[in-house]
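The values are calculated or read from the model by the stated rules, or taken from the named source; none is laboratory data. Quantities reported herein were computed from a predicted structural model and do not represent experimental measurements. Positions of Cβ are backbone-derived with ideal geometry, glycine not excepted, and every protein chain shown enters the neighbour counts. All accessible areas refer to the heavy atoms of the entire protein, side chains included, with ligands and DNA or RNA removed. Shrake-Rupley method; radii C 1.70, N 1.55, O 1.52, S 1.80 Å.
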Amino acid sequence: MRNKQAGFATRAIHVGQEADPLTGAIGVPIYPTSTYLQEELGKHKGYEYSRVSNPTRTRLEENLASLEGGVGARVFASGMAAINALCAMYKSGDHVVCGNDLYGGVPRLFNQVLVNYGLEFTYVNTADVREVERAIRKNTRMVYIETPTNPLMTLTDIRAVADICRRKRVELVVDNTFMSPYFQKPLALGADMVVHSTTKFLNGHSDGLGGVIVCTRREQAEQFGFIQKAAGAIMSPFECWLVLRGVKTLAVRMEKHDHNGRIVADFLAGHKKVKKVFYPGLPSHPQHALAKRQMTGFGSMITFETGSLSNAKKLLKNLRVCSLGESLGGVETLISHPATMTHAALGEKGRKAIGITDGMVRISVGIEDVDDIVSDLDEALARM
Ligand SMILES: Cc1ncc(COP(=O)(O)O)c(C=O)c1O
């Protein structure tokens, strides 16, 4: 597409999604090939081996770079593979400052794998930007944040942290999985890179795994292209196609997720059996003003407190529309229990330290008829 400045929904449907020049096929073809014919030694059409590059992957990388407003993107086999690739650029003795309330798989990778390679990690409450500044040392290379966090829905002021990082010459990476580029654009607020688990809202249909790093500088994109080639945890052509197909409806899905999310959050906040609701769209959220400033919607991720593990169990057992499962961002409403699922790896002490309780339930509100989601929760809460 020539006009890369077109609106978000137009770019989602057209950038990298141009009709196939060979046949005119309106959908991007899936190229299930490991290698490419070379006419003679060193003479080829730009593709040599699919670990290095693949035409379906190139299309997706163009598309996601455009949606986040980056200069390039690299896609990986999963969100965790993308986050691992981020750290593969560092060497023993390098230090990373990160949020203390991240998706549980991230501290698992950092604390149980990457520390063995000599990387150092400090966890702070990034909602307090002074804590971020204090934690940065001479050997700090990256500040890594999620906003909103998973599952406590705490926000970090991206612009404020980006200013600190620029001053200290440290790269800021934002996991934008919960908001998607439709509601939040970290690069425009000063971040150096964005990561996503494309498994979630970008794909949107709970049918594939993937991750992406979106870069603001060409050399970063080249470095991560090198990591794709060297380490090989790339996204398959078929999964790339699933995300290309999914993002075509990202704008309308996000609108509906947000619409349903606000209604479900209001319902939960008004229910007598719900002790607390964590949703940035509620005026009671301590960072509601920041949410309105740095996001253009509130999304559909909500965490709420049922009071105890046995209450959470009863609630989850009695749901019919909401599906109990570990993930988020699909068209279907998914509900999960952070303490035993996404954040089990933190251990009881780790969860307690950041305020994740056994009674917490996290819901990724889907795009079903919202009345059905609310009645499902209402009936299950009545039996809790
Ligand atoms: C915010 C966030 N980042 C990263 C990941 C990891 O992504 P994946 O499961 O695709 O490896 C997840 C997974 O739940 C997540 O919720």
* Determine, yes or no, whether ARG262 is touching a helix residue (DSSP H, G or I) at 6+ places or on another chain (Cβ under 8 Å), open to solvent by 70 Å² or more (accessible area, probe 1.4 Å) and among the charged types (D, E, K, R). => no
* Asked: Hey, does the stretch 221-230 have a residue that's open to solvent by less than 20 Å² (accessible area, probe 1.4 Å), among the aromatic types (Phe, Trp, Tyr) and more than 12 Å from the ligand (Cβ to nearest atom)?
  -> yes
* Restricting the first residue to the stretch 188-200 and requiring it to be part of a strand (DSSP E or B) and among the polar types (S, T, N, Q), which pairs with a second residue that is more than 7 Å from the ligand (Cβ to nearest atom) and open to solvent by 10 Å² or more (accessible area, probe 1.4 Å) meet a Cβ separation below 9 Å and a spacing of at least six or different chains? -> none
* Asked: Among ILE83, ILE13, which is β-branched (Val, Ile, Thr), surrounded by 14 or more Cβ atoms within 10 Å (Cβ to Cβ) and within 16 Å of the ligand (Cβ to nearest atom)?
  -> ILE83
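Hey, among the residues in the stretch 196-220 that are open to solvent by less than 10 Å² (accessible area, probe 1.4 Å) and among the small types (Gly, Ala, Ser), which one's farthest from the ligand (Cβ to nearest atom)?
Quick first cut of the stretch 196-220, residues open to solvent by less than 10 Å² (accessible area, probe 1.4 Å) only: 196, 198, 201-204, 210-215, 220.
Pick out the ones that are also among the small types (Gly, Ala, Ser) and you get 204, 210-211.
Numbers: GLY204: 13, GLY210: 6, GLY211: 5 Å.
Out of the qualifying residues, it is GLY204.
For the stretch 61-80, enumerate the residues that are surrounded by fewer than 22 Cβ atoms within 10 Å (Cβ to Cβ), within 16 Å of the ligand (Cβ to nearest atom) and of a type in the set (Gly, Ala, Ser).
Residues of the stretch 61-80 that are surrounded by fewer than 22 Cβ atoms within 10 Å (Cβ to Cβ), as a first pass: 62, 69, 71-72, 77-78, 80.
Narrowing the set further to residues that are within 16 Å of the ligand (Cβ to nearest atom) leaves 77-78, 80.
Result: ALA77, SER78.
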* Structure fact -> In the stretch 151-182, residues that are farther than 17 Å from TYR103 by Cα, open to solvent by 10 Å² or more (accessible area, probe 1.4 Å), in contact with a Gly (Cβ under 8 Å, 6 or more places away or on another chain) and in contact (Cβ under 8 Å) with a residue 40 or more places away in the chain total 2
* To do: Quick one: count up the residues across the stretch 274-312 that are surrounded by fewer than 17 Cβ atoms within 10 Å (Cβ to Cβ) and either without any contact (Cβ under 8 Å) to a residue 24 or more places away in the chain or within 16 Å of the ligand (Cβ to nearest atom) (or both).
  => 8
* To do: Count, please, the residues in the stretch 324-333 that happen to be crowded, with 21+ Cβ neighbours inside 10 Å and within 16 Å of TYR103 (Cα to Cα).
  => 2
* Hey, any hits in the stretch 117-138 for a residue that's within 12 Å of the ligand (Cβ to nearest atom) and open to solvent by 10 Å² or more (accessible area, probe 1.4 Å)? -> no
* To do: Give me the pairs, please: first residue somewhere in the stretch 90-108 and within 20 Å of PHE224 (Cα to Cα), second residue anywhere and among the charged types (D, E, K, R) and away from the ligand (no atom under 11 Å from the Cβ), beta-carbon distance under 6 Å, and either six or more positions apart or on two chains.
  => TYR90/ARG141; ASP94/ARG141; HIS95/GLU120; HIS95/ARG137
* Asked: For GLY42, are the conditions met, namely being out of contact with any helix residue (DSSP H, G or I) (no Cβ under 9 Å at 6 or more places or on another chain), of a type outside the set (Val, Ile, Thr) and at pLDDT below 95?
  -> yes
